[in-house]
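Contents: one structure, followed by commentary.
The values are calculated or read from the model by the stated rules, or taken from the named source; none is laboratory data. All figures in this text were calculated on a predicted structure; none of them were measured in a lab. FYI the Cβ positions are ideal-geometry reconstructions off the backbone, even for glycines, and counts take in every protein chain you see. Note: accessible area is taken over every heavy atom of the protein model, side chains too, but ligands, DNA and RNA are not part of it. Shrake-Rupley method; radii C 1.70, N 1.55, O 1.52, S 1.80 Å.
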Amino acid sequence: MSATKTSNTKTPETLVAFDDVSAGYDGIPVLRGLDGAVKRGDLLALLGANGAGKSTLFKCITGEVRPFSGTVRLHDLPRAKIAYLPQRSDIDPGFPISTFDAVAMGLWRKIGAFQGLKRDAEAEVWAALETVGVAGQAERRLGVLSGGQFQRAMFAQLMLQDADLILLDEPFQAVDLETADTLISLIAKWHDEGRTVIAALHDAALVRDRFPKTLILARETIAWGPTSEVLTSANLAKSGEVTAAWQDAELGLSGERARERVSV
Ligand SMILES: Nc1ncnc2c1ncn2[C@@H]1O[C@H](COP(=O)(O)OP(=O)(O)OP(=O)(O)O)[C@@H](O)[C@H]1O
């Protein structure tokens, strides 16, 4: 990502607004009554227990999941300007693609999927591979890379996407400390360029150190604001308890009753 973007010193404007959003699957909400706004230039950590609804929130932003009620509004943000890195478990490791070609997919929106890469574009792909330290893996199949190499390649792809909003679902899962440092530096650079980044994470210490804003989620909002204010052990404990209570309720209820329960 080479272009210099808008300065973070501008008055922050809303990029994504959630207005009483309920969303989920098979008629059963897993996100409930979500209100709030992501500001342009935010570096926002999304914290919550397993099953708290973090991935679902991302999918509401990308449009993959449509809310049952409420609205998700994108302000001056075409979907083509959103980059989404799902959890590795959601990416098919058997997909027959080289690491080079996977990274080059980051340029698809710019040059089209079936255009041959011109020399300039090829150079961009090599530069991205080098920046994240996996140029030596370029010819290997993406699916055989180690966890850290794979995630570095995915970040190289993100670099080429030139997105305004970057959504990262547990980006440091199964990566070593050195890789995590490299990836965190890239995130910081994107933030400095004025891009908006939301990352679902489980490491509270990392969030405290590197993420100015935090949303703690448990199917509903537990807290959302400056990390120094919202990242408290009380809020984290509450997030775990509320998520567990919702999961217990779902396990104990038939689909029809669960629907009744969450609609009150
Ligand atoms: N495609 C789906 N169909 C049905 N239920 C789903 C689907 N995807 C997620 N869920 C359910 O929605 C709830 C929230 O899942 P989600 O993946 O959004 O949580 P998460 O906070 O990202 O969890 P994790 O930290 O484990 O990744 C879970 O109970 C999950 O089982």
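General remarks:
- In order along the range 208-220, the Karplus-derived 3J(HN,Hα) couplings, from 6.51 cos²θ - 1.76 cosθ + 1.60 at θ = phi - 60°, round to 4, 6, 10, 10, x, 10, 9, 10, 9, 10, 8, 6, 10 Hz, and Gly and Pro are given as x.
- Value of relative contact order over the chain, rounded to a whole percent, pairs C-alpha under 8 Å and six or more apart: 27 percent
- For the chain, the equivalent ellipsoid derived from the Cα gyration tensor has semi-axes of 32, 20, 18 Å, listed largest first.
- For the chain, with all protein chains in place and a probe radius of 1.4 Å, 51% of the accessible heavy-atom surface sits on carbon or sulfur.
- Projected label points at T14 and D120, each 7 Å from Cα along the beta carbon direction, are separated by 3.8 nanometres.
- Stokes-Einstein D in µm²/s, Kirkwood radius over Cα pairs - the range 47-172 at 37 °C with 0.692 mPa s viscosity: 209 µm²/s
- By average C-beta atoms within 10 angstrom, highest first, the peptides 201-212, 97-108: 97-108, 201-212
- Square roots of 5 times each gyration tensor eigenvalue, C-alpha, the range 94-251, largest first, Å: 34, 17, 15
- Angle in degrees between helix 177-192 and the longest Cα principal axis of the chain, rounded to the nearest 10: 90 degrees
- Here the range 93-156 is treated as an ellipsoid with the same Cα gyration tensor; its semi-axes, largest first and in whole Å, are 19, 13, 9.
- When you count the other C-beta atoms within 10 angstrom of each residue and take the mean per peptide, 124-135, 169-180, 60-71, 150-161 line up highest first as 150-161, 124-135, 169-180, 60-71.
- The gain in end-to-end length when the F95 to R79 segment is fully stretched comes to 3.3 nm, 0.36 nm per residue minus the alpha carbon separation.
- Stretch gain in nm, segment E139-D181, where the contour uses 0.36 nm per residue and the Cα spacing is subtracted: 12.7 nm
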